[in-house]
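Peer 1: After the structure tokens below, expect a handful of questions from me.
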Amino acid sequence: MFGRQQDSKKSTAPAFGFGSSNRDGAAKVFLTSEHAKALYGLEGPGPVYDLKSSVGRQESSKNETAPLFSFGTADRFSKQGATSAKQPAPGPGAYAAGSSIGKQGDSTKGNSEVFGFGSSTRTGAARVFLSPEHAKSDFGKCSPGPSVYSGKSAVGRQPDSKKENSPAWVFSSEHRFKYDHVDRAAHVPGAGQYNTIGSVGPQAESKKGNIPRFSFGSSNRDQRTKVYISADHEKASYGMASPGPAAVGAKSSVGRQSNSKNPTGNAWSFGTSKRLVYQDGLKAPGPGAYD
């Protein structure tokens, strides 16, 4: 009762499956008339049309076929030697009378309808597009039947994310009468076969924390002072790499200032005159020494 029904009295139930078509093939599938309107012109050949003449037989059944006339090429008078005589008319049996059913050779006669038994199979007839409403009644007829699907078990892990994974149980393949610890001990390597990693330093296992490891550095003090540790640590090193007072031509804060922002203060200096200049009078000649 699932899938395509051979009996026309039974309705065919829809059958769904995962399609294997690509995007180009899926774009050609008819969904609805509204969806088909959005695709008008995408599959068209473009402006390269082979226009048919409006005179003569029309390819489209919507266009009326107009009468077509031409000049005949037959000889009016048969030639018999040097003389010409009128050709006798053929008898009634000489005419190939066409059937009055079907297409008429005379344009003045209407073409009557012709019916026959079609040679197409049901599969080919099902692909003929009649109307959007008729196409809706054929949904699912070309889908595979239930036996074609590879049904997944409802027990255990589900490939569909919308379905909840239910518990799954299986019969174990282990021997019933065999000690488990004896079998494990036969396959477990001994204590000397392990490559033990040191507990000091970087740990290969992420569950173990790395213990700090210290060593004596080989850097000198000049290189060590250039290593940045933190902002607070740098505050303690302010001025260590700066040139000393003797290397910079620092101006004295006493006296004339070269910077216009600093006021020029009073300047004092030690004089260059002799200290005992006033004691020279002690060596002056006495009153009796004058001439």
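Peer 1: Could you please let me know if residue 139 is at pLDDT 75 or above and more than 30 Å from residue 32 (Cα to Cα)?
Peer 2: Judged against the criteria, residue 139 is not a match.
Peer 1: Given the condition closer than 30 Å to residue 5 by Cα and either assigned to a helix (DSSP H, G or I) or among the aromatic types (Phe, Trp, Tyr) (or both), answer yes or no: does some residue in region 192-206 qualify?
Peer 2: Looking for residues that are closer than 30 Å to residue 5 by Cα and either assigned to a helix (DSSP H, G or I) or among the aromatic types (Phe, Trp, Tyr) (or both), one finds none in region 192-206, hence no.
Peer 1: Any idea how many residues of region 108-121 are within 30 Å of residue 32 (Cα to Cα) and surrounded by 10 or more Cβ atoms within 10 Å (Cβ to Cβ)?
Peer 2: Number satisfying all stated conditions: 1.
Conditions tested, residue by residue: (1) of a type in the set (Lys, Arg); (2) modelled with pLDDT of 80 or more; (3) surrounded by fewer than 10 Cβ atoms within 10 Å (Cβ to Cβ).
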site	(1), (2), (3)
175	no, no, yes
178	yes, no, yes
183	no, no, no
186	no, no, yes
189	no, no, yes
195	no, no, yes
211	no, no, no
217	no, no, yes
220	no, yes, yes
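Peer 1: When residues of region 144-173 are filtered for being assigned to a strand (DSSP E or B) and either exposed (fewer than 10 other Cβ atoms within 10 Å of the Cβ) or among the basic types (Lys, Arg) (or both), how many remain?
Peer 2: The qualifying residues number 0.
Peer 1: Can you name every residue in region 131-143 that is surrounded by 10 or more Cβ atoms within 10 Å (Cβ to Cβ) and free of Cβ contacts under 8 Å to residues at least 12 places away in the same chain?
Peer 2: 134, 136, 137
The values are calculated or read from the model by the stated rules, or taken from the named source; none is laboratory data. Only a predicted model underlies this, so the values are computations on that prediction, with no experimental measurement involved. All Cβ positions, even for glycine, are placed from backbone atoms using ideal geometry, and neighbour counts span all protein chains on display.
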